[in-house]
Amino acid sequence: MSKIGNTPIKLNTDTKIDMKKGFVTVTGPKGVLEVPVHDIIEVKPDGEFLKLTLKDTTNPEGKAQWGLARALINNAVVGVNTGFTKELELVGVGYRVEKAGKDLKIQIGYSHPVIVIAPEGITLDVEGNTMIKVSGIDRQSVGQVAANIRAIRKPEPYKGKGIKYKDEIIKRKQGKASKK
């Protein structure tokens, strides 16, 4: 039995669940998300909980889909209630970011500023001039946008310059040793 798929999902009083064939729609105070669900999985509301059961327990693909569906629906429930946030930090002399409407304008050591366009459903905020806050209700989208921003200039291991996650630890390497 799947430990993840077997765990019930706790619903808030503000959360509404609508089940259609192949999809579960989660509505909350922050928005609406639609999660695809494999037809081998049955989703049943049980009071203030949502339980997922597997129709055919002998199918190994079904067991994998069961845990995946539970995780995706739980992420949707958390997203429409509280949302998700990733924080990035610019480290380096002259590295800075400023907000240009909904988008970001990043000076990161290139000959030109890099413009990051905010996708629909994602909010990009700037704290100071070296902190970027990516927030939204879809966990996958928030993580992907944050990864795309980090990929503009990944932190390098010698001086630690670049764009890093706020809580990320950069393993530093030793520079060239002088010959005596």
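None of the figures in this text is laboratory data; all of them are computed from the coordinates on show. Owing to the predicted nature of the structure, the values given are computational and were not obtained by experimental measurement. Glycine gets a Cβ as well: all are built from the backbone with ideal geometry, and neighbour counts include every protein chain shown.
So how do SER135, SER178 line up by other beta-carbon neighbours within 10 Å, fewest first?
Ascending number of Cβ neighbours within 10 Å: SER178, SER135.
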Legend entry - Scattering curve values for region 3-81, log₁₀ I(q)/I(0), Debye with Cα scatterers, q = 0.25 Å⁻¹: -1.21
Legend entry - Intensity falloff of region 84-143 expressed as log10 I(q)/I(0), Debye formula with alpha-carbon point scatterers, at q = 0.24, 0.30 Å⁻¹: -0.98, -1.28
Legend entry - Spacing of the two label points (7 Å from each Cα toward its C-beta) at LYS166 and HIS38, in nm: 3.6
Legend entry - Tilt relative to the chain, helix 60-81 - C-alpha long axis, 0 to 90 degrees, to 10: 70
Legend entry - C-alpha long axis of helix 139-150 to longest principal axis of the chain, angle in °: 10
Legend entry - Cβ-defined net charge surrounding VAL116, 9 Å radius [Lys, Arg +1; Asp, Glu -1]: 0
Legend entry - Gaussian network model of the chain, Cα within-10 Å springs - most flexible of GLU89, GLU98, GLU168: GLU168
Legend entry - Relative contact order of region 3-81, pairs being alpha-carbon contacts under 8 Å that are 6 or more residues apart, as %: 38
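For LEU90, LEU11, what's the fewest-to-most ordering of other Cβ within 10 Å of each Cβ? Intermediate values should be presented prior to the final figure.
On the way: LEU90 24, LEU11 19.
The order, fewest Cβ neighbours first, is LEU11, LEU90.
Please report Rg over Rh for the chain, where both radii come from the alpha carbon positions and Rh follows the Kirkwood definition. Present the calculation step by step, with values, prior to reporting the outcome.
Values: Rg = 21.3 Å, Rh = 18.9 Å.
Rounded to two decimals, Rg over Rh is 1.13.
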Inset, instruction - Run the dipole for region 56-180 about the Cα centre, Lys and Arg Cβ at +1, Asp and Glu Cβ at -1, nothing else charged, and hand back the magnitude in debye, nearest 20. - result: 1120
Inset, instruction - Between ASP138, ASP125, ASP14, find the one with the highest GNM mean-square fluctuation for the chain; connect C-alpha pairs within less than 10 Å. - result: ASP14
Legend entry - Lys/Arg +1, Asp/Glu -1 at C-beta; region 84-165 dipole; positive extreme among VAL97, ILE108, THR123: ILE108
Inset, instruction - Sort the following peptides by mean Cβ neighbour count (other Cβ atoms within 10 Å, averaged over residues), highest first: 53-65, 70-82. - result: 70-82, 53-65
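Please arrange VAL114, VAL93, VAL145 by counting, for each residue, the other beta carbons lying within 10 Å of its beta carbon, fewest first. Walk me through the numbers before you get to the answer.
Working: VAL114 15, VAL93 7, VAL145 25.
Going from sparsest to densest Cβ surroundings: VAL93, VAL114, VAL145.
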Legend entry - Share, in percent, of DSSP beta bridges within region 15-144 that are antiparallel, nearest 5: 100
